[in-house]
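A.B. asks: Quick one: the structure is below, questions incoming.
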C-alpha cells in the first residue's frame, strides 16, 4: 500500500484567483478576489476587455424587494466582450486568443465562462473597438421585427442607447424618423443620427397633435416604444396609424401595465413584443450587428458617452441612475494588466 511522504503532503496547488465585483447590498459594490472559473467541456473562459451597463441592471443595483443580497459576483453583467483564454476539451471552432463577444451573465469580472455555443467571433476590422454585442444584437432584432421600409414614417419614443441605434437604422433604411425624448441632448443626438423631426416628451396631447400634423393626419406606420414606462406606452398607441405596427422595445420591469384596448382594436394595430429569449435569436442579432457596424449602417462608438475603468463600476452605476444630459451609454473596461 502506497503512503504519502511528508514532502508530498507539503506540496499544494495554489488556487488561481481573479477580481470580480459583487453587489453586496443596494447601491453598494464590493471588489473581491474569487476563484478563477474553469470551463466545463463545452465551455470557454473569456478574459474580459469590457462590459456595458444595461438599464435592466439598475434595479438590481438600486434594490428591489424581490432581490436577495449579496448578488452573485460578476452579475448582472451581460454585455461583455473579450479574448478567449481557455477552452473546454470538447470545444471546436474557437481558439485561445480569439476576440469574441458572448452571452454571459457574470461579466462584471476579469474573467467569465459561457458555452461555446453562446459566442461569436469579432473580425479584425473591429479590433480596438468596444463591442457590447448583446445590446447591439437587440437593436438589430428589434429593427428586423419592426419591418421598417423606405418611405414609412417611424416614431421612436425614448432616445437612450437602444432608441439612438434604432434612429440610425431606420434613417439608413430610408424611413422618415420622428424622435421623441425628454432630454434636450438626446434630441440633438437624434438629429445628428438622421432624425427628420424631434419632439420633446412633455405634453401628451400636444405631441399627438404635432405628429398628426407631421403625418398629414395619418400618424405613423411604425412606432417603437423604447422607454419601458407606462406613459410612453400609452402615447405610442396614440401615434400609431391604422393597421400600423406598435413595437414594444422598452424593458417593462416595474410591474403590470394597462393598455387602451379600445384604441388598439379600433385601429387594428399589430402589437409586437420585440424582446428575444431564444439564445440563437440573440446570437443571430449579434452577428447581424457585426455586419451592420462593418458596413456603416450602425455606428455605436459615438453612443458610448462614458467609459470607466472597472474599479469605478460604482460611479458608472451612479451616473447611469442619474441619467444626466449628455449620457447615453456607460462601459467599464478592464486594464491589460488585470
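A.B. asks: Show me the strands (runs of 3 or more DSSP E) entirely contained within the stretch 260-338 in which 1 or more residues are free of Cβ contacts under 8 Å to residues at least 40 places away in the same chain and in contact with a helix residue (DSSP H, G or I) (Cβ under 7 Å, 6 or more places away or on another chain).
C.D. replies: Per the criteria, 270-273, 306-309.
A.B. asks: Another question, if that's okay. Inside the stretch 21-43, can you point out the residues that are surrounded by 13 or more Cβ atoms within 10 Å (Cβ to Cβ), in a strand (DSSP E or B) and in contact with a strand residue (DSSP E or B) (Cβ under 8 Å, 6 or more places away or on another chain)?
C.D. replies: 21, 22, 23, 24, 29, 30, 31, 32, 34, 43
A.B. asks: A further question on this structure: Test residue 59 against the criterion of being surrounded by fewer than 22 Cβ atoms within 10 Å (Cβ to Cβ), touching a residue at least 12 places away in the same chain (Cβ under 8 Å), touching a helix residue (DSSP H, G or I) at 6+ places or on another chain (Cβ under 6 Å) and not in a strand (DSSP E or B), and give yes or no.
C.D. replies: When the stated conditions are applied, residue 59 does not pass them.
A.B. asks: Here is a follow-up. Tally the residues that are buried (at least 20 other Cβ atoms within 10 Å of the Cβ) and out of contact with any strand residue (DSSP E or B) (no Cβ under 7 Å at 6 or more places or on another chain), restricting the search to the stretch 115-150.
C.D. replies: So the count comes out to 8.
A quick yes/no check of all residues on (1) out of contact with any strand residue (DSSP E or B) (no Cβ under 6 Å at 6 or more places or on another chain); (2) closer than 23 Å to residue 169 by Cβ; (3) assigned by TED's automatic domain parsing to the domain that holds residue 145; (4) crowded, with 16+ Cβ neighbours inside 10 Å:
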residue: 201; (1), (2), (3), (4): no, yes, yes, yes
residue: 210; (1), (2), (3), (4): no, no, yes, yes
residue: 221; (1), (2), (3), (4): no, yes, yes, yes
residue: 240; (1), (2), (3), (4): no, yes, yes, yes
residue: 245; (1), (2), (3), (4): no, yes, yes, yes
residue: 254; (1), (2), (3), (4): yes, no, yes, no
residue: 258; (1), (2), (3), (4): yes, no, yes, no
residue: 261; (1), (2), (3), (4): yes, no, yes, no
residue: 266; (1), (2), (3), (4): yes, no, yes, no
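A.B. asks: Quick one: residue 97 ticks every box in (1) in contact (Cβ under 8 Å) with a residue 24 or more places away in the chain; (2) over 23 Å from residue 56 (Cβ atoms) except a single one, so which number is it?
C.D. replies: The single condition residue 97 does not satisfy is (1).
A.B. asks: Within the stretch 166-177, is there a residue that is crowded, with 20+ Cβ neighbours inside 10 Å, over 14 Å from residue 297 (Cα atoms) and within 14 Å of the chain's Cα centre (by Cα)?
C.D. replies: Within the stretch 166-177, not a single residue is crowded, with 20+ Cβ neighbours inside 10 Å, over 14 Å from residue 297 (Cα atoms) and within 14 Å of the chain's Cα centre (by Cα).
A.B. asks: Which residue pairs have Cβ atoms closer than 8 Å, lie 6 or more positions apart in sequence or on different chains, and pair a first residue in the stretch 21-33 that is at negative phi and in the same structural domain as residue 310 (by TED's automatic domain parsing) with a second residue that is in a strand (DSSP E or B) and surrounded by fewer than 13 Cβ atoms within 10 Å (Cβ to Cβ)?
C.D. replies: Filtered contacts from the stretch 21-33: 33/17.
A.B. asks: Mind listing just one residue for me: the one in the stretch 181-192 that is buried (at least 23 other Cβ atoms within 10 Å of the Cβ) and free of Cβ contacts under 8 Å to residues at least 40 places away in the same chain and, of those, farthest from residue 148 (Cα to Cα)?
C.D. replies: 181
A.B. asks: Quick one: which strands (runs of 3 or more DSSP E) lie wholly within the stretch 102-218 and hold at least 2 residues that are in contact with a helix residue (DSSP H, G or I) (Cβ under 6 Å, 6 or more places away or on another chain)?
C.D. replies: Once the strands (runs of 3 or more DSSP E) in the stretch 102-218 are filtered for at least 2 residues that are in contact with a helix residue (DSSP H, G or I) (Cβ under 6 Å, 6 or more places away or on another chain), what remains is 153-157, 176-181, 197-200.
A.B. asks: List the pairs whose first member sits in the stretch 210-236 and is on the phi > 0 side of the Ramachandran plot, whose second member is surrounded by fewer than 23 Cβ atoms within 10 Å (Cβ to Cβ) and assigned to a helix (DSSP H, G or I), and whose Cβ atoms are under 9 Å apart, counting only residues at least 6 apart or on separate chains?
C.D. replies: Qualifying pairs under 9 Å: 219/208; 219/212; 219/238; 219/267; 228/55; 228/56.
The values are calculated or read from the model by the stated rules, or taken from the named source; none is laboratory data. Since the structure is predicted, the reported quantities are computational estimates derived from the model, not experimental observations. Methodologically, a virtual Cβ is constructed for each residue, glycine included, from the backbone with ideal geometry; neighbour enumeration extends over all protein chains shown.
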